[in-house]
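Down below is the structure, laid out as structure tokens.
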Amino acid sequence: MAALLSLAEAQARLLALAELLPIERVPVDEALGRYLAEPLVAKRTQPAGDVSAMDGYAMRAADLPGPWTVVGESAAGHPYAGLVAPGEAIRISTGALMPAGADMVLMQEDAGREGDRLTLAGTPPSPSGKHVRRCGNDFSQGKELLAQGSRLGPAQLALAIGAGHSHIAVRRKPRLVVIDSGDELAADPCACARHQVPASNGVMLAALASAAVPCKVERIGPVADCLDALGVALVRAEHCDVVVTSGGASVGDHDLIRPALASWGAAIDFWKVAIKPGKPVMIARRGHQLVVGLPGNPVSSHVTAYFFLLPLLRALLGAAQPLPEAIEAELAEPLAAGGPRLEFLRGHWDGARLSSRLNQDSGALATLAASNVLIERAPDAPASMAGDRVRAYPIGNGGVF
């Protein structure tokens, strides 16, 4: 029997199969959560000229300590058109262009004004240009602002607009089909017999993918444990980039995903990884399509989707760092010694310390829903004490992935 792949080996093999999706240019406001397909380079300089960082008066530092005569105003969007002469001051607002000839802003709180006469009533700025944002203080035209593969969040979208971009180069959204299979699955949770369980994995996996990356997701199922039924489902998925199956990936008499994939023309790249939960994860390929076969137990399905499906989707979109990143934190309680496989315990991180959940069964949905991290336990890890630092992976559950 072949040795199980380690998680790192399996992830590397999976990502090596990922082919970047085609590039498309979309309006910036449609690019949230996607990844840059090329570096973002500034088309303009920000700010485009020296601007005031405060409300006050623009003047020449050489004219200190005053007095001055106020001869005009520079407001945001409405610059003063003239030249500031010796002894003159310009009323200025935050973000307004500095008038020609002025090199200092006296804060409103430090100025005394009667009519057009302005006097020093406080402390002048030190250095004199303290309240002036210089041209190009944020960025200059031609500067690379974001590297290829950067994820586009709200701040990055604002940066793209500020840099002069109306459209941005990203990868096409991946098309994903989730197939939920198993004779025990009830499509209607309100009509579930004792020998059945509600079909929850399809909803969970579709939501997990959609929350992590922009993608187009379809669901098929639940599908019966029957080669013909699985074959029909796979044919229905032939238009997609990624097929995700849930259930039927183990070695039981009714676990038919492997033969169904073979009949469909898919070749297994690897099967079984040395992790707990989630050992029977399977990766296959059919032309440009990739298949991620996940276990049927909900926790195992969620964990393997987190470590395999989501990194694959990020890789297809061109993410510079598709794999999840761990945090390190103190344990709030002791943990027992680990087993022979890399194990992920469902737990909670309160921002400072980690606590594991009591019920670690691979079918325990309540435990999964109450968790926001997966606590990593190395193979054969010794027992840990409260206060020990361990690694954990934030899984969101309504938050950020």
Amide N of the stretch 58-82 lying under 15 Å from the label point, which is placed 7 angstrom from the Cα of Asp138 along Cα→Cβ: 76-77
What list do you get for Val235, Val223, Val213, Val197 if you sort them by fewest beta carbons within 10 Å? Val235, Val197, Val213, Val223
With springs only between Cα atoms under 10 Å, which of Gly338, Gly164, Gly112 fluctuates most in a Gaussian network model of the chain? Gly112
Residues listed by number, the stretch 108-137, amide nitrogen under 15 Å from Thr69 label point at 7 Å toward C-beta: 114-119
Computed FRET value (nearest 0.05) for Glu30 with Ala53, which takes r as the C-beta separation and R₀ as 30 Å: 0.35
What lysines does Lys43 reach when the alpha-carbon gap must be under 21 Å and sequence neighbours fewer than 8 apart in one chain are set aside? Lys143
How long is the gain from Arg391 to Ala121 if the chain were fully straight, where each residue apart is worth 0.36 nm and the alpha carbon distance is subtracted? 91.5 nm
Just from its helices, what would the mean residue ellipticity at 222 nm be for the chain, if runs of 4 or more DSSP H residues each count -39500 (n - 2.57) and the sum is divided by every residue, rounded to the nearest 500 deg cm²/dmol? -5000 deg cm²/dmol
Quick query: amide H of Gly49 versus all other amide H atoms, modeled in the peptide plane; which residues come in under 5 Å with a sequence gap of 5 or more or a different chain? Gly136
Under a point-charge model restricted to the Cβ atoms of Lys and Arg (+1) and Asp and Glu (-1), what is the dipole moment magnitude of the stretch 51-133 relative to its Cα centre, in debye to the nearest 20? 140 debye
Taking a ≥ b ≥ c as the square roots of the Cα gyration tensor eigenvalues, with a/c under 1.5 meaning rounded and otherwise prolate when a/b beats b/c or oblate if not, the stretch 289-351 comes out oblate
For the residue pair Ala366 and Ala16, what label-to-label distance in nm results when each label sits 7 Å from Cα along the Cα-to-beta-carbon direction? 4.4 nm
Cβ density ranking, 10 Å radius, fewest first, applied to Leu5, Leu20, Leu313 yields Leu20, Leu5, Leu313
Two-site label geometry, Asp188 and Leu83: point separation in nm, points 7 Å out along Cα→Cβ: 8.5 nm
From fewest to most C-beta neighbours within 10 Å, the residues Glu218, Glu114 line up as Glu114, Glu218
With Cα springs under 10 Å, the Gaussian network model of the chain assigns the largest mean-square fluctuation among Glu330, Glu73, Glu30 to Glu73
When a/c is below 1.5 the answer is rounded, else prolate if a/b is larger than b/c, else oblate, so apply that to the stretch 327-394 with a ≥ b ≥ c taken from the square roots of the Cα gyration tensor eigenvalues. oblate
Plugging the Kirkwood radius over Cα pairs into Stokes-Einstein for the chain, at a temperature of 20 °C and a viscosity of 1.002 mPa s, what D comes out in µm²/s? 85 µm²/s
Dipole magnitude of the chain, debye to nearest 20 (Cβ charges: Lys/Arg +1, Asp/Glu -1, about Cα centre): 600 debye
Cα centroid separation, the stretch 1-51 to the stretch 179-221 (Å): 29 Å
What spacing in nm lies between the two simple spin-label points modelled at Glu114 and Glu38, each 7 Å away from Cα in the Cβ direction? 6.3 nm
Cβ crowding within 10 Å averaged over residues, with 300-311, 147-158 ranked highest first: 300-311, 147-158
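Read the figures in this text as sums done on the coordinates, not as results from a lab. Computed from a predicted structure; not experimentally measured. Heads up, the Cβs are rebuilt from the backbone with ideal geometry, glycines too, and the neighbour counts pull from every protein chain shown.
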